[in-house]
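**Student:** Have a look at this one.
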Amino acid sequence: MTAEKFEKLLAFFKVVADESRLRLVGLLAGRAYSVEELAALLALKAPTVSHHLAKLKELDLVEMRADGTSHVYWLKPDTLAALSRDLLSAEKVAALVGDMDLAGWDRKVLRDFLDGDRLNGIPASRKKREIVLRWLAAKFQPGVRYPEREVNDLIGRHHEDFSTLRRELISYGLMVRERGVYWRPSEGDASLPADDNR
């Protein structure tokens, strides 16, 4: 996301983060209102409503026309749709993290459950367990076939309950078993054989 688009998105969230402005957007989405009508509906003073409307107008979210001595406002749905399309899509919002270190959580979980190269426990939380299992699966070379005894020995170097961890590696799709032989699937291996028994 460009710096300009980021600033535009930030300005949008700052403006609509106010309860009164959000209610104004909701009202104006239904139909046009005068400042006096909006003030009465929101139990606010007319100058306060005008101030909020000016903030919405800065974002080009509302339009205004004079009607005698009153000003009538309505929502600009095209602007709202463009903001949604250009700034609020899942991909655009995901881009807000930029180059943030997303592996920080994994490192924290591993610090909590590792004592050197030994696991001090198997996490109860599914998300944390997956992180630990991915760490353990990385101890196996992708595509290399390992007999069960070797798998047990390798896992046993890190935790005494090798049978639970072995089953979990298979359950999470991080290891494959066929006729007592285990291997770590290569990236993008879509044709994994079914486990014969665990």
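**Student:** Dipole of the chain (Lys/Arg Cβ +1, Asp/Glu Cβ -1, origin at the Cα centre): which of L44, L24, T164 lies farthest to the positive side?
**Tutor:** Ranked along the dipole, the leading option is T164.
**Student:** How big is the dipole moment of the chain about its Cα centre under a simple scheme where the beta carbon of each Lys and Arg is +1, that of each Asp and Glu is -1, and everything else is neutral? Debye, nearest 20, please. Please list the in-between numbers first.
**Tutor:** Values: 32 positive and 31 negative charges, 65 e Å.
That gives the chain a dipole magnitude of about 320 debye.
**Student:** Work out from phi, with θ = phi - 60° and the Karplus expression 6.51 cos²θ - 1.76 cosθ + 1.60, the ³J(HN,Hα) of each residue of region 85-91, listed in order in whole Hz, and give x for Gly and Pro.
**Tutor:** 6, 7, 10, 9, 5, 4, 5
**Student:** Output wanted: per-residue J couplings in Hz (rounded whole) for region 144-158, from phi through Karplus 6.51 cos²θ - 1.76 cosθ + 1.60, θ = phi - 60°, x for Gly and Pro.
**Tutor:** 6, 8, 10, x, 4, 4, 5, 4, 4, 5, 5, 5, x, 5, 10
**Student:** Take the Cβ-Cβ distance between K127 and L88 as r, set R0 to 30 Å, and report the resulting FRET efficiency rounded to the nearest 0.05. Don't skip to the answer; put the middle values down first.
**Tutor:** Working: r = 27 Å, r/R0 = 0.89.
The value I calculate is 0.65.
**Student:** To test your reading of the geometry: what angle, between 0 and 90 degrees and rounded to tens, separates the Cα axis of helix 19-30 from the longest principal axis of the chain?
**Tutor:** Approximately 70 degrees, to the nearest ten.
**Student:** Of G116, G68, G30, which is the most mobile in a GNM of the chain whose springs link Cα atoms less than 10 angstrom apart?
**Tutor:** Greatest mean-square fluctuation among the candidates belongs to G68.
**Student:** Considering every Cα-Cα pair within the chain, what fraction, in whole percent, is farther apart than 25 Å? Can you show the working numbers first?
**Tutor:** Numbers: 11625 of 19503 pairs.
That fraction is 60 percent.
Each value in this text was obtained by applying a stated rule to the coordinates, not by laboratory testing. Quantities reported herein were computed from a predicted structural model and do not represent experimental measurements. Neighbour counts run over all protein chains shown; Cβ positions are idealised from the backbone, glycine included.
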